[in-house]
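J.: Here it is: the structure, laid out below.
Every number here is computed from the coordinates shown, using simple stated rules; none is lab data. Everything numeric here is computed off the predicted structure, so don't read it as measured data. Cβ placement follows ideal geometry from the backbone for every residue including glycine, while neighbour counts extend to all protein chains displayed.
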Amino acid sequence: MAAPKTVGVLALQGDFEAHGRALSQAGARPVYVRTADQLREIDGLVLPGGESTTMLKLLNIENMKEPLAEFAREKPVLATCAGVILMAREVSHPVQECLGILDLAVERNGYGRQIDSRIVELDPSEDFLSRTGAGKLEAVFIRAPVIQNVGPKGRVLASYLGRPVLVEQDQHLAVTFHPELTSDNRVHQLFLKKL
Ligand code: GLN
């Protein structure tokens with residue numbers, strides 16, 4: 001059997017440990033990344049949910065912003081929730097700096113208070129299902145950003161309330177919900193296939 005892939009999880013802030021567990025279950029070896037040097041040891045990187053403003057501050061303090069962007073220009077990133085906000089081309093509500101790796105415009109906390117946090121069942125695209133297996137996908141949204149538009153290279157793999165919530169762009173996946181909080185780990189499995 002091939003050696004398991006080593007996947008980093010950015011561990012400056014947010015729910016990185018749940019991603020570590022999901023990656024182990026999907027057959028990868030997780031490494032918690034806290035320095036730019038560690039980016040050299042990994043095959044792919046997960047950007048967890050949390051608070052994107054805080055993550056951005058910590059990335060600046062640790063001088064990790066440019067190394068992270070450089071990593072993402074070559075290697076796969078699974079960006080979830082706050083991670084999508086960091087990777088986007090444009091962020092609103094409020095306007096915030098971002099890395100511009102994913103050709104997406106996002107609005108922070110864009111679903112509003114009423115559906116601040118909820119668990120729903122998604123019907124993913126045929127493309128997703130044929131690569132990961134059949135069945136609805138349980139999705140946990142926690143103060144999620146809304147993806148307002150997707151650039152020409154983006155492929156929408158699942159939507160909720162008419163908005164994309166799972167998007168593939170080249171080697172990357174952007175997910176506005178929390179796939180690490182459910183027992184269904186098809187999103188992590190799909191990510192591992194991209195490494
Ligand atoms: N609301 C957070 C932000 O704007 C993202 C929420 C999450 O990652 N669960 O950064």
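J.: What fraction of the DSSP beta bridges in segment 79-195 is antiparallel, stated in percent and rounded to the nearest 5?
T.: Details: 20 of 25 bridges.
The antiparallel proportion sits near 80 percent.
J.: Mind giving me the FRET efficiency for Glu62 and Asp127? R0 is 25 Å, r the Cβ-Cβ distance, nearest 0.05 is fine. All intermediate terms of the calculation are to be shown ahead of the outcome.
T.: On the way: r = 36 Å, r/R0 = 1.46.
So the FRET efficiency works out to roughly 0.10.
J.: Now for a different question. What lysines does Lys57 reach when the alpha-carbon gap must be under 20 Å and sequence neighbours fewer than 8 apart in one chain are set aside?
T.: Cα-Cα hits under 20 Å: Lys65.
J.: Could you work out [θ]222 nm for the chain from helices alone, using -39500 (n - 2.57) per DSSP H run of at least four and dividing by all its residues? Round to the nearest 500 deg cm²/dmol.
T.: My calculation for the chain gives -7000 deg cm²/dmol from helical runs alone.
J.: By a straight-distance test (C-alpha under 12 Å), which aspartates and glutamates pair with Lys5 as possible cross-link partners, with residues fewer than eight away in the same chain excluded?
T.: Output for Lys5: Glu41, Asp43.
J.: Could you tell me the relative contact order of the chain? Use alpha-carbon pairs under 8 Å, at least six residues apart, and round to a whole percent. Intermediate values should be presented prior to the final figure.
T.: On the way: 423 pairs, mean separation 38.2, N = 195.
That works out to 20 percent.
J.: Does segment 100-151 come out rounded, prolate or oblate, given a ≥ b ≥ c as the square roots of the eigenvalues of its C-alpha gyration tensor, rounded meaning a/c under 1.5 and, failing that, prolate meaning a/b above b/c?
T.: Verdict is oblate for segment 100-151.
J.: Now for a separate question. Pull out a ≥ b ≥ c, the square roots of the eigenvalues of the alpha-carbon gyration tensor of segment 87-195, then state rounded if a/c is under 1.5, prolate if not and a/b is larger than b/c, and oblate in the remaining case.
T.: Judged from the Cα gyration tensor, segment 87-195 comes out oblate (a/c at least 1.5, b/c at or above a/b).
J.: Rounded, prolate or oblate: which one fits segment 1-139, using the alpha carbon gyration tensor with axes a ≥ b ≥ c (rounded when a/c is under 1.5, else prolate when a/b beats b/c, else oblate)?
T.: oblate
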